[in-house]
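First up is the structure itself, then whatever we jot down about it.
The values are calculated or read from the model by the stated rules, or taken from the named source; none is laboratory data. These figures come from a predicted structure and were not determined experimentally. FYI the Cβ positions are ideal-geometry reconstructions off the backbone, even for glycines, and counts take in every protein chain you see.
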Amino acid sequence: MEAYPIPFRVDRDDAPVYRFVNTGPETLRGVSALLLGPGVMPVGLPMVLRPSDAMELTIRGRDLELATSVVIRWLRPNDEEYAWRTVF
């Protein structure tokens, strides 16, 4: 199995708005986010992210960097499902 680099860069410059930018060469489908731990985030529908497109998430709460993470899920063009967990 060939290594597959995570196709996202997280832009934290405008926190509490976080931008997850598709830095890969593929169009990703069914992109969604799940918040784990303390904090609140509005629920969004799964979306399509073309290369260079971004998904913006507004995440609010205290001490997010201590116990909160976000799981991003997506489908590649070949219908394989992937998930990536990132912390603040």
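Counting only residues that are surrounded by fewer than 14 Cβ atoms within 10 Å (Cβ to Cβ) and either outside any strand (DSSP E or B) or of a type in the set (Gly, Ala, Ser) (or both), which one in the stretch 68-88 is farthest from the chain's Cα centre (by Cα)?
Of everything passing the filter in the stretch 68-88, Asn78 is farthest from the chain's Cα centre (by Cα).
State which residue pairs qualify: first residue more than 20 Å from Val10 (Cβ to Cβ) and of a type outside the set (S, T, N, Q) and inside the stretch 74-88, second residue at pLDDT 95 or above and assigned to a loop (DSSP other than H, G, I, E, B) in any location, beta carbons under 6 Å apart, and separation of 6 or more residues or different chains.
Pro77/Glu26
From Ala3, Ala33, grab the single residue that is outside any loop (DSSP other than H, G, I, E, B) and not basic (Lys, Arg).
Ala33
Pull up the stretch 6-30, narrow it to residues that are assigned to a strand (DSSP E or B), charged (D, E, K, R) and surrounded by 13 or more Cβ atoms within 10 Å (Cβ to Cβ), then point me to the one that is farthest from the chain's Cα centre (by Cα).
Here the residue is Arg29.
Please give the number of the condition Met55 fails out of (1) touching a strand residue (DSSP E or B) at 6+ places or on another chain (Cβ under 8 Å); (2) in a loop (DSSP other than H, G, I, E, B).
Against the list (1) touching a strand residue (DSSP E or B) at 6+ places or on another chain (Cβ under 8 Å); (2) in a loop (DSSP other than H, G, I, E, B), Met55 comes up short only on (2).
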